[in-house]
Amino acid sequence: MTAMTDPDTLAVEKEARRERLFTRINKADGTFRVLGLSWITPLLKIMAGDRPGAHLKDIWRMLAVPLIAILCFLALWATLAPRVQTSLGAIPGPQQVWEQVGVLHSDAQREWAREAQFYERLEARNEALREAGQADRIRERTYTGAPTYYSQIWTSLQTVFFGFLIATAVAVPIGIACGLSASFNAAMNPIIQIFKPVSPLAWLPIVTMVVSALYTTQDGWFEKAFLTSAITVTLCSLWPTLINTALGVASIDKDLVNVGRVLKLDTKTRILKLVLPSALPLIFTGLRLSLGVGWMVLIAAEMLAQNPGLGKFVWDEFQNGSSDSLARIMVAVLTIGIIGYLLDRLMYAIQSMFTFSATR
Amino acid sequence: MLATVLGTGAAHAEFIFPEKDELTFGFIKLTDMAPLAVAYELGYFEEEGLYVTLEPQANWKVLLDGVIDGQLDGAHMLAGQPLAATIGYGTEAHIVTPFSMDLNGNGITVSNEVWAMMEEHVPHDDAGLPIHPISAEALAPVVEAFNDRGESFNMGMVFPVSTHNYELRYWLAAGGLHPGYYSPDNTTGQIDADVLLSVTPPPQMPATLEAGTIHGYCVGEPWNQQAVFKGIGVPVITDYQIWENNPEKVFGMTAEFVEENPNTALLVTKALIRAAIWLDENDNANRPEAVEILSRPNYVGADAEVIAASMTGTFEFEEGDVRDIPDFNVFFRYYATYPFYSDAVWYLTQMRRWGQIAEPQPDSWFDEVARSVYRPDIYMQAAQMVIDEGYATEADFPFGTDGYKDPTDAFLDGVMYDGRQPNAYLDSLTIGLKGDESVGG
């Protein structure tokens with residue numbers, strides 16, 4: 001009944017579909033690469049019907065080799081760790097660490113249950129107050145129990161981003177000024193050189209004292225501890241952004257600058273239309289480095305100043321000296337590492353959205 | 001029902017509401033913070049309408065600074081801290097205490113190496129066990145041996161005005177070893193010292209001993225029992241044996257806070273009294289539960305068996321040498337929570353003895369300082385509320401006391417202490433400043 005389709009047309013259509021599929025896969029490859037999942041591309045291509053040969057090699061290199069490396073690391077860890085006897089028992093192997101992940105999770109669940117009970121009690125209390133004619137005493141309160149592991153992670157993330165945002169707000173304008181004016185650059189240079197290598201542990205006491213002196217309100221927006229950690233992060237992490245911004249601005253194409261002069265652009269337009277776009281790749285490189293530094297610094301700051309977050313978790317466990325402490329600290333170490341990696345990927349993703357010349 | 005939910009006495013017609021009801025209290029990871037953990041976990045704070053956050057602190061200095069600059073509304077403190085801050089030794093601030101947290105609870109531990117050297121100078125009983133209490137006289141030859149090979153003998157304590165510093169000094173001095181003086185220019189406390197004492201935060205004691213930086217330490221529990229469990233040290237004496245039922249930690253708040261929030265201070269004290277009662281109730285029947293609470297990572301966090309070793313009426317000296325010390329940690333019995341002036345005065349005498357108070361002071365000065373820091377008035381008001389609500393009886397509290405305990409000689413060296421005569425007490429001690437003496441340099 002229906003007209004027989006010409007086998008040639010069929011083949012052509014199939015070829016076109018394949019072509020489209022591959023274009024799509026190649027397009028997605030960019031995203032995978034940003035996410036650090038570039039091994040998916042060859043897998044998809046094989047599934048789409050490409051000849052496996054060359055792709056298998058890619059898969060081997062991108063997926064199998066890293067997996068084997070991780071397995072080797074785990075095996076080495078599992079065999080060597082129990083041989084180191086500390087006074088808290090042997091160094092925990094991967095299995096004990098994984099067990100503690102479970103324990104931390106069930107601790108968190110228990111805490112959530114207690115939180116729910118707390119709100120029930122609060123409701124009962126408010127009800128009683130209402131009946132007693134003390135309605136003006138009724139207040140909404142937040143639960144005051146121990147922070148869960150998840151909430152510690154969340155606190156650390158908030159702190160690092162807050163510090164990082166301040167650092168960016170400070171570093172980018174100064175960096176642009178440095179890049180535009182050689183004299184300003186000469187003025188800033190010694191200060192940058194001296195303060196750049198200072199450790200967070202040296203900044204912390206100063207920041208603590210200054211924050212305590214200046215931020216005296218008790219019911220402000222921020223906790224003092226939060227501000228102390230965040231500002232320490234700022235002080236240590238603004239340098240890569242500053243230096244890279246200055247470099248990026250200073251190295252824009254002289255022709256562009258001349259065009260700007262000919263067109264008699266005002267400073268604001270010049271910065272927005274000429275300087276920023278061409279300096280963006282380097283600015284983002286700086287931001288990526290800054291966030292990495294900030295994350296590293298934050299953990300140290302939290303540890304020393306006992307500010308809430310993952311750093312405090314590590315320090316508290318070290319002080320607890322229980323037989324599970326080492327395994328718990330290792331859970332934190334792995335968490336810190338994985339989050340640091342994800343943060344870097346996030347910045348890389350943003351970087352590749354804004355710039356075309358981003359290289360790894 | 002309403003009364004319990006609102007936490008106010010049925011006998012009282014009106015409610016007492018705290019001026020500030022969201023509070024943050026600091027503590028150090030030690031078993032004697034138990035009243036705070038118990039008051040929180042058993043809901044005593046909440047029943048008083050107090051919403052409390054408990055935060056472990058890195059060390060005693062950070063904790064004190066937190067209270068002074070208002071980050072913490074109150075804290076588990078060394079008894080010497082409010083006194084020293086009020087007289088301006090170290091950081092100056094007027095801190096008061098309406099509640100004494102416990103009696104006893106500390107020990108002195110030495111490394112295995114030092115114990116091996118000490119043991120031959122310690123008398124043993126027929127069963128071959130060392131006879132307690134062990135005097136620092138047994139340590140003297142060890143210190144000499146260290147000095148002979150050109151090494152100093154170092155010991156750790158937790159803070160310059162800590163109970164532990166004074167207990168360790170008391171023990172050393174009673175055994176003829178000089179622990180060193182403080183002077184206004186030299187606050188290391190090592191002038192003329194045979195044994196050099198330095199500050200280490202409590203939870204780091206075992207690690208520091210293990211690292212060999214110190215050869216022994218004086219600290220609260222569970223950090224002595226931890227040394228036994230880890231096999232790195234041997235407790236030689238508990239503070240119960242140095243001074244039977246000596247006062248330990250206090251709960252401190254700034255005078256300003258107490259003045260601005262009198263109801264809050266009162267209700268906090270009430271919740272803490274109830275927690276202390278619970279801890280000692282029925283012959284320590286609740287202690288196993290307390291141990292479980294304390295072993296949680298957000299409180300002390302050490303293994304439950306380590307905490308239980310001292311919290312349940314025993315104390316393990318050498319590995320396997322477990323002895324009964326039913327009063328090792330007292331939270332309520334013997335009026336443990338009442339802030340006696342005589343306790344404050346004892347701490348002041350020790351500050352004077354070792355030169356932290358550089359100038360001689362008349363007896364009346366000791367009394368005045370004690371009265372400005374210790375607040376039994378708040379305590380008794382809270383106690384009355386606890387009685388009214390049926391949680392305790394009048395016999396549980398020292399009604400009618402003038403704040404001075406009877407003179408006592410329950411010390412290791414048998415010296416008589418009368419809180420009303422601090423200068424006479426100082427004169428009766430062999431090692432230490434007395435009369436008009438002062439330390440130069």
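The values are calculated or read from the model by the stated rules, or taken from the named source; none is laboratory data. Predicted model, so just to flag it, every value in this text is computed and none were measured. Backbone-built Cβ (ideal geometry, glycine too); neighbour counts: all protein chains shown. Heavy atoms of the whole protein, side chains included, go into the accessibility calculation; ligands, DNA and RNA do not. Shrake-Rupley method; radii C 1.70, N 1.55, O 1.52, S 1.80 Å.
Identify the single condition in (1) aliphatic (A, V, I, L, M); (2) within 14 Å of another protein chain (Cβ to nearest Cβ); (3) buried (at least 19 other Cβ atoms within 10 Å of the Cβ) that B:Ala211 does not satisfy, given that it satisfies every other one.
So B:Ala211 meets the others, but not (3).
Could you run through the stretch A:295-310 and say how many residues are at the interface with chain B (Cβ under 10 Å from one of its Cβ atoms) and part of a helix (DSSP H, G or I)?
Summing the residues that are at the interface with chain B (Cβ under 10 Å from one of its Cβ atoms) and part of a helix (DSSP H, G or I) in the stretch A:295-310 gives 3.
Could you check, for the stretch A:97-106, whether at least one of its residues is in contact with a Phe, Trp or Tyr (Cβ under 6 Å, 6 or more places away or on another chain) and crowded, with 16+ Cβ neighbours inside 10 Å?
Yes, some residue in the stretch A:97-106 is in contact with a Phe, Trp or Tyr (Cβ under 6 Å, 6 or more places away or on another chain) and crowded, with 16+ Cβ neighbours inside 10 Å.
Would you mind finding the one in A:Val293, A:Val249 that is in contact with a Cys (Cβ under 7 Å, 6 or more places away or on another chain) and more than 30 Å from B:Thr53 (Cα to Cα)? Lay out the reasoning, then the answer.
Details: A:Val249 fails: in contact with a Cys (Cβ under 7 Å, 6 or more places away or on another chain).
So the residue among A:Val293, A:Val249 that is in contact with a Cys (Cβ under 7 Å, 6 or more places away or on another chain) and more than 30 Å from B:Thr53 (Cα to Cα) is A:Val293.
Of the numbered conditions (1) farther than 25 Å from B:Leu54 by Cα; (2) open to solvent by 10 Å² or more (accessible area, probe 1.4 Å), B:Phe315 fails exactly one; give the number of that condition.
Among (1) farther than 25 Å from B:Leu54 by Cα; (2) open to solvent by 10 Å² or more (accessible area, probe 1.4 Å), B:Phe315 violates only (2).
Checking the condition within 23 Å of the chain's Cα centre (by Cα) and either touching a residue at least 40 places away in the same chain (Cβ under 8 Å) or over 27 Å from B:Arg353 (Cβ atoms) (or both), which residue from B:Leu129, B:Leu72 passes? Show your work before the answer.
Values: B:Leu129 fails: within 23 Å of the chain's Cα centre (by Cα).
Matching residue, one of B:Leu129, B:Leu72: B:Leu72.
Does the stretch A:326-346 include one or more residues that are small (Gly, Ala, Ser), open to solvent by 50 Å² or more (accessible area, probe 1.4 Å) and more than 21 Å from A:Ala171 (Cα to Cα)?
Looking only at the stretch A:326-346, we keep the residues that are small (Gly, Ala, Ser), and these are A:327, A:332, A:337, A:340.
Pick out the ones that are also open to solvent by 50 Å² or more (accessible area, probe 1.4 Å) and you get none.
Within the stretch A:326-346 (the criterion being small (Gly, Ala, Ser), open to solvent by 50 Å² or more (accessible area, probe 1.4 Å) and more than 21 Å from A:Ala171 (Cα to Cα)), the answer is no, since none of the residues qualifies.
Please determine whether any residue of the stretch A:59-73 is in contact (Cβ under 8 Å) with a residue 40 or more places away in the chain and within 31 Å of the chain's Cα centre (by Cα).
Taking the stretch A:59-73 as the starting set, the residues that turn out to be in contact (Cβ under 8 Å) with a residue 40 or more places away in the chain are none.
No; the residues of the stretch A:59-73 include none that is in contact (Cβ under 8 Å) with a residue 40 or more places away in the chain and within 31 Å of the chain's Cα centre (by Cα).
Filter the stretch A:311-340 for residues that are in contact (Cβ under 8 Å) with a residue 24 or more places away in the chain and either away from chain B (no Cβ under 14 Å) or acidic (Asp, Glu) (or both) and give the result.
A:Asp324, A:Met330, A:Leu334, A:Thr335, A:Ile336, A:Ile339, A:Gly340
I need the full set of residues from the stretch A:252-275 which are within 29 Å of the chain's Cα centre (by Cα) and without any contact (Cβ under 8 Å) to a residue 24 or more places away in the chain, in order please.
Across the stretch A:252-275, the qualifying residue is only A:Leu272.
Counting only residues that are closer than 19 Å to B:Lys270 by Cα and small (Gly, Ala, Ser), which one in the stretch B:369-399 is most open to solvent (accessible area, probe 1.4 Å)? Outline the logic, then answer.
At the first step, the residues of the stretch B:369-399 found to be closer than 19 Å to B:Lys270 by Cα are B:373-399.
When the remaining residues are screened for being small (Gly, Ala, Ser), the result is B:382-383, B:390, B:392, B:395.
On the way: B:Ala382: 0, B:Ala383: 0, B:Gly390: 61, B:Ala392: 14, B:Ala395: 79 Å².
If we take residues in the stretch B:369-399 being closer than 19 Å to B:Lys270 by Cα and small (Gly, Ala, Ser), then B:Ala395 is most open to solvent (accessible area, probe 1.4 Å).
Examine the stretch B:67-77 for a residue that is modelled with pLDDT under 90, under 22 Å from B:Gly220 (Cβ atoms) and among the polar types (S, T, N, Q), and state whether such a residue exists. So that I can check it myself, show each step before the final result.
In the first step, residues of the stretch B:67-77 are kept if they are modelled with pLDDT under 90; the result is B:69-71.
After this cut, where a residue has to be under 22 Å from B:Gly220 (Cβ atoms) as well, the list is none.
No.
Being among the hydrophobic types (A, V, I, L, M, F, W, C), away from every other protein chain (no Cβ under 14 Å) and either within 30 Å of B:Gly231 (Cβ to Cβ) or not in a helix (DSSP H, G or I) (or both) narrows it down to one residue among A:Leu265, A:Leu280; which is it?
Values: A:Leu280 fails: either within 30 Å of B:Gly231 (Cβ to Cβ) or not in a helix (DSSP H, G or I) (or both).
The conditions single out A:Leu265.
Any residue at all in the stretch A:143-155 that is open to solvent by 60 Å² or more (accessible area, probe 1.4 Å), in contact with a Leu (Cβ under 6 Å, 6 or more places away or on another chain) and within 13 Å of another protein chain (Cβ to nearest Cβ)?
Applying the first criterion (open to solvent by 60 Å² or more (accessible area, probe 1.4 Å)) to the stretch A:143-155 yields A:147, A:150, A:154.
From what's left, in contact with a Leu (Cβ under 6 Å, 6 or more places away or on another chain): none.
No, there is no match, as no residue in the stretch A:143-155 is open to solvent by 60 Å² or more (accessible area, probe 1.4 Å), in contact with a Leu (Cβ under 6 Å, 6 or more places away or on another chain) and within 13 Å of another protein chain (Cβ to nearest Cβ).
If I go through the stretch B:354-368 residue by residue, how many of them are surrounded by fewer than 22 Cβ atoms within 10 Å (Cβ to Cβ) and in a helix (DSSP H, G or I)?
So the count comes out to 5.
Between A:Phe73, A:Phe118, which is open to solvent by 90 Å² or more (accessible area, probe 1.4 Å) and under 30 Å from A:Ile153 (Cα atoms)?
Working: A:Phe118 fails: open to solvent by 90 Å² or more (accessible area, probe 1.4 Å).
None of the other options fit; the residue is A:Phe73.
Name, by its number, the condition in (1) in contact (Cβ under 8 Å) with a residue 24 or more places away in the chain; (2) farther than 30 Å from A:Glu317 by Cβ; (3) under 25 Å from the mean Cα position of the chain (by Cα) that does not hold for A:Gln100.
(2)
Anything in the stretch B:44-69 that is over 20 Å from B:Gly88 (Cβ atoms), among the aromatic types (Phe, Trp, Tyr) and either at the interface with chain A (Cβ under 8 Å from one of its Cβ atoms) or within 17 Å of the chain's Cα centre (by Cα) (or both)? List them, or say none.
If we filter the stretch B:44-69 for residues that are over 20 Å from B:Gly88 (Cβ atoms), which is where we start, we get B:44-59.
Keeping just the survivors that are among the aromatic types (Phe, Trp, Tyr) gives B:44-45, B:51.
The answer is B:Tyr51, and nothing else.
Hey, any hits in the stretch A:100-109 for a residue that's over 30 Å from A:Ile336 (Cβ atoms), within 14 Å of chain B (Cβ to nearest Cβ) and of a type in the set (A, V, I, L, M)? So that I can check it myself, show each step before the final result.
So the first thing to find is which residues in the stretch A:100-109 are over 30 Å from A:Ile336 (Cβ atoms), and the list is none.
No - not one qualifying residue is present in the stretch A:100-109.
Within the stretch B:97-126, take every residue that is among the hydrophobic types (A, V, I, L, M, F, W, C) and touching a Gly at 6+ places or on another chain (Cβ under 7 Å) and give me the one that is nearest to B:Ala358 (Cα to Cα). Even if it seems obvious, please write down each step before you answer.
From the stretch B:97-126, those among the hydrophobic types (A, V, I, L, M, F, W, C) are B:99, B:101, B:103, B:108, B:110, B:114-118, B:122; that's our starting set.
From the residues that got through so far, the ones that are touching a Gly at 6+ places or on another chain (Cβ under 7 Å) too are B:108, B:110, B:114.
Working: B:Ile108: 27, B:Val110: 31, B:Val114: 33 Å.
Step by step, filter the stretch B:97-126, then rank; the result is B:Ile108.
Sort through A:Thr245, A:Thr241, A:Thr148, A:Thr208 and tell me the only one that's touching a residue at least 12 places away in the same chain (Cβ under 8 Å) and under 30 Å from B:Glu46 (Cα atoms). Write out each step before concluding.
Working: A:Thr245 fails: under 30 Å from B:Glu46 (Cα atoms); A:Thr241 fails: under 30 Å from B:Glu46 (Cα atoms); A:Thr208 fails: under 30 Å from B:Glu46 (Cα atoms).
After ruling out the rest, the residue left standing is A:Thr148.
Checking A:Gly49 against (1) in a helix (DSSP H, G or I); (2) more than 26 Å from A:Met347 (Cα to Cα); (3) in contact (Cβ under 8 Å) with a residue 24 or more places away in the chain, only one condition comes out false. Which one?
Of everything listed in (1) in a helix (DSSP H, G or I); (2) more than 26 Å from A:Met347 (Cα to Cα); (3) in contact (Cβ under 8 Å) with a residue 24 or more places away in the chain, A:Gly49 misses just condition (1).
The conditions are (1) within 14 Å of another protein chain (Cβ to nearest Cβ); (2) free of Cβ contacts under 8 Å to residues at least 60 places away in the same chain; (3) surrounded by fewer than 18 Cβ atoms within 10 Å (Cβ to Cβ), and B:Glu289 fails exactly one of them. Which is it?
Every condition holds for B:Glu289 apart from (1).
Which condition number does B:Tyr335 fail, the rest of (1) in contact with a Phe, Trp or Tyr (Cβ under 9 Å, 6 or more places away or on another chain); (2) open to solvent by less than 50 Å² (accessible area, probe 1.4 Å); (3) assigned to a loop (DSSP other than H, G, I, E, B) being met?
Every condition holds for B:Tyr335 apart from (2).
State the number of residues belonging to the stretch A:131-142 that are open to solvent by 50 Å² or more (accessible area, probe 1.4 Å) and either modelled with pLDDT of 85 or more or facing chain B (nearest Cβ under 10 Å) (or both). Show your work before the answer.
Taking the stretch A:131-142 and keeping what is open to solvent by 50 Å² or more (accessible area, probe 1.4 Å), we get A:131, A:133, A:135-137, A:139-140, A:142.
Of the ones still in play, those that are also either modelled with pLDDT of 85 or more or facing chain B (nearest Cβ under 10 Å) (or both) are A:131, A:137, A:139, A:142.
The qualifying residues number 4.
Which of the residues belonging to the stretch A:17-42 are farther than 21 Å from A:Pro66 by Cβ, of a type outside the set (Asp, Glu) and open to solvent by 40 Å² or more (accessible area, probe 1.4 Å)?
Once the filter is applied, which keeps residues that are farther than 21 Å from A:Pro66 by Cβ, of a type outside the set (Asp, Glu) and open to solvent by 40 Å² or more (accessible area, probe 1.4 Å), the stretch A:17-42 yields A:Arg17, A:Arg18, A:Arg20, A:Leu21, A:Thr23, A:Arg24, A:Asn26, A:Lys27.
Looking only at the stretch B:118-161, how many residues end up being open to solvent by less than 50 Å² (accessible area, probe 1.4 Å) and in a helix (DSSP H, G or I)?
Qualifying residue count for the region: 9.
Among the residues of the stretch B:425-438, what is the count of those that are open to solvent by 30 Å² or more (accessible area, probe 1.4 Å), in contact (Cβ under 8 Å) with a residue 24 or more places away in the chain and either hydrophobic (A, V, I, L, M, F, W, C) or under 30 Å from B:Tyr335 (Cα atoms) (or both)?
Summing the residues that are open to solvent by 30 Å² or more (accessible area, probe 1.4 Å), in contact (Cβ under 8 Å) with a residue 24 or more places away in the chain and either hydrophobic (A, V, I, L, M, F, W, C) or under 30 Å from B:Tyr335 (Cα atoms) (or both) in the stretch B:425-438 gives 1.
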